[in-house]
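Engineer: To start, I am sharing the structure in question, which I have written as structure tokens.
No lab work stands behind these numbers, since they all come straight from the coordinates. Remember, predicted model here, so these are calculated numbers, not experimental data. For neighbour counting, all protein chains shown are included, and Cβ atoms are generated from backbone atoms with ideal geometry for every residue, glycine included.
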Amino acid sequence: MDYPSQIKIGDKEYKVLYEKALKLTSSVRIKKGAVVLKLSRYSFGRARDETVTKFLKWAEKKLKKVSKSDYGEQTFENGTSIVTHNKVYELRVNIDDGRKRVKLLDGGVIEISANKKSEVRELVEKTIIKDQTPYLKEVIEELNQLHFQESYNLVRLKRVSSRFGSCSSKGNINIALRLLFSPREIFRYVCVHELAHLREMNHSKRFWALVQEAMPDYKKAEKWLRDNGFMLG
């Protein structure tokens, strides 16, 4: 059986990547705008074909739910733009053998010199984190004063893909950088979610009541994250 190299949804195409897995089980995920199938080396023949067919149907169904918007995985190449809630960054990338350098210029221009393309994303994201941290702190402070009036410690944007936000027992609030590429209300919802943890360090009924009081339509944000969150990177 010849496996497809892409899935087409409307006028958009998504790459399909096949990887070998040493485990007994196979898995599928959508990462960075591509469908990644990890197929167990113990799976072969008809069983393997059925697994691939099942995974591709799952991916197609998942991708069809993605909202039609400009939000999603960013491209970190020369001449491209990175769009956040309050700023658009234009990338000027130079790949050479010199030392790594990055500079944020007036007008949101980010100049990057790197040894290889794989270094560009990290340099850009670290620059955006530094530039956008004041914005995050303003949003957290605004929402806290409006709905919670709690004390908190550090507020940070983090380069993480495993979660959207976290709140520690010490009152440290972390928000995923990739949420800057989501709709503004989704970003604000995750901030509300983590602020509510300052009172309830769990997901009990009391916790969700706090969230609903601050954001009555929070379930819409939850659904958006379920349907679209994986496209943010």
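Engineer: May I ask for log10 I(q)/I(0) of the chain at q = 0.10, 0.11, 0.14 Å⁻¹, from a Debye sum over the Cα atoms as equal point scatterers with solvent left out?
Structural biologist: -0.60, -0.71, -1.03
Engineer: Also, quick follow-up: Given axes a ≥ b ≥ c from the Cα gyration tensor, I'd like to know whether segment 139-231 is rounded (a/c under 1.5), prolate (a/b larger than b/c) or oblate. Working shown, then result.
Structural biologist: Values: a/c = 1.57, a/b = 1.18, b/c = 1.33.
Oblate.
Engineer: Taking each pair of distinct Cα atoms in segment 1-108 once, what is the resulting Kirkwood hydrodynamic radius in Å?
Structural biologist: 17.0 Å
Engineer: Then there is this: Please provide three numbers in whole Å: the alpha-carbon extents of segment 127-167 along the principal axes, with the largest listed first.
Structural biologist: 29, 22, 15
Engineer: Mind checking segment 20-111 for chymotrypsin sites (Phe, Trp or Tyr not before Pro) that DSSP puts in a loop (not H, G, I, E or B) and that have at most 15 other Cβ atoms within 10 Å? Provide the component values of the computation, followed by the final result.
Structural biologist: Values: sites: TYR42, PHE44, PHE55, TRP58, TYR71, PHE76, TYR89; in loops: TYR42, PHE44, TYR71, PHE76.
Filter output for segment 20-111: TYR42, PHE44.
Engineer: Over the alpha carbons of segment 6-64, what is the largest minus smallest coordinate on each principal axis, giving the biggest first in Å?
Structural biologist: The Cα atoms of segment 6-64 stretch 36, 22, 14 Å along the principal axes, largest first.
Engineer: I need the GluC sites (Glu not before Pro) found in segment 113-183, filtered to DSSP loop residues with at most 13 other beta carbons within 10 Å of theirs.
Structural biologist: GLU150
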